[in-house]
Amino acid sequence: MVSSSNHIGWPSALEGAHLIERLARLVRMGEQGAGLNPAQWEALRYLARANRFSRTPAALADYVASTRGTISRTLASLEAKGYVRREANARDGRSVEFVLTKNALQALKRDPLLVLAKDIEQANGGSLAAVLEGLRKTLRAALARNQSRAFGVCASCRHFRRNLRPGSAMPHQCALLDEPLSEADSRRICVEQEPHAA
Ligand code: SF4
């Protein structure tokens, strides 16, 4: 727990934390009015961004820091509503992965998080890169403290090998999983991602 005396040295940082909390609360309010609960929105967003090695209930549970049981119920409710379907995992036939349906892709076009993204773009304009870098560093510190997986973008992983097969539909390679990767894969997040050493 942070003592009140620690606040004195970094009032601007504390204001930043309050702002992030408030923004997150406003997004939650938007989600409640959009027909899905916050856990269901989180699952849809995750599945839309995750690569084919990461669309499992276990990876989703890690990403949102939830229990497997809670995630199973969230995915079951999304399946019942026609937003996801389960398929055999390509790498491990004993486990399942979840993929988005057309209904989910339509729903994501009205994702309340897009409203926040638009507000961030309009408020920060040309200084967005600096804002994002600050938020990434903040997230890295929080993840390290909680010993959580990074779930970073594939192209920033130390196992990513760029353009080993120029001109191919799968030009890149994952050196960890020994799997080919497309350009779209390089922009997805991955449960196995390990950032380059700083
Ligand atoms: S290169 Fe890294 S992020 Fe990409 S698929 Fe392999 S382990 Fe995952």
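Observations
- Taken over the stretch 38-174, the convex hull of the Cα atoms encloses 161 Å³ per residue.
- Note on the stretch 149-198: semi-axes of the ellipsoid equivalent to its C-alpha gyration tensor, largest first and rounded to whole Å, are 18, 10, 9.
- Global size of the stretch 25-113 as Cα Rg and Dmax, reported in angstrom: 12.6, 41
- Under a model in which nothing but the beta-carbon of Lys, Arg (+1) and Asp, Glu (-1) is charged, the chain shows a dipole of about 260 debye around its Cα centre.
- Alpha-carbon centroids, the stretch 65-98 and the stretch 128-191: separation in whole Å: 23 Å
- Lysines whose Cα lies under 24 Å from that of residue 109, excluding same-chain neighbours fewer than 8 positions away: 81, 118
- HN-Hα J in Hz across the stretch 19-32 - Karplus 6.51, -1.76, 1.60, θ = phi - 60°, x for Gly and Pro: 5, 4, 4, 5, 4, 4, 4, 5, 4, 4, 4, x, 5, 4
- Shown for 109, 118: other C-beta atoms within 10 Å of each C-beta, ranked fewest to most, produce the order 109, 118.
- Local charge for residue 113 was computed over the other residues whose Cβ lies under 14 Å away, with Lys and Arg +1 and Asp and Glu -1, and equals +2.
- Ascending count of other beta-carbon atoms within 10 Å, so fewest first, for 10, 41: 10, 41
- DSSP bridge pairs, the chain: antiparallel proportion in percent, nearest 5: 90 percent
- In sequence order, calculated HN-Hα J values of the stretch 176-188 (Karplus, 6.51, -1.76, 1.60; Hz; x Gly/Pro): 7, 9, 6, 10, x, 9, 8, 5, 4, 4, 5, 9, 8
- Charges were assigned to the Cβ only: +1 to each Lys and Arg, -1 to each Asp and Glu. The resulting dipole of the stretch 149-198 about its Cα centre is roughly 140 debye.
- Taking amide H positions as modeled 1.01 Å from N, with prolines and chain starts lacking one, the residues under 5 Å from residue 193 and 5 or more places away or on another chain are 151, 152.
- Here the residues 183, 42, 194, ranked from fewest to most Cβ neighbours within 10 Å of their Cβ, fall in the order 183, 194, 42.
Bear in mind that the values in this text are calculations on the coordinates, not laboratory data. None of these values were measured; they are calculated from a predicted model. Here the Cβ is made from the backbone with ideal geometry for all residues, glycine too, and neighbour counts use every protein chain on show.
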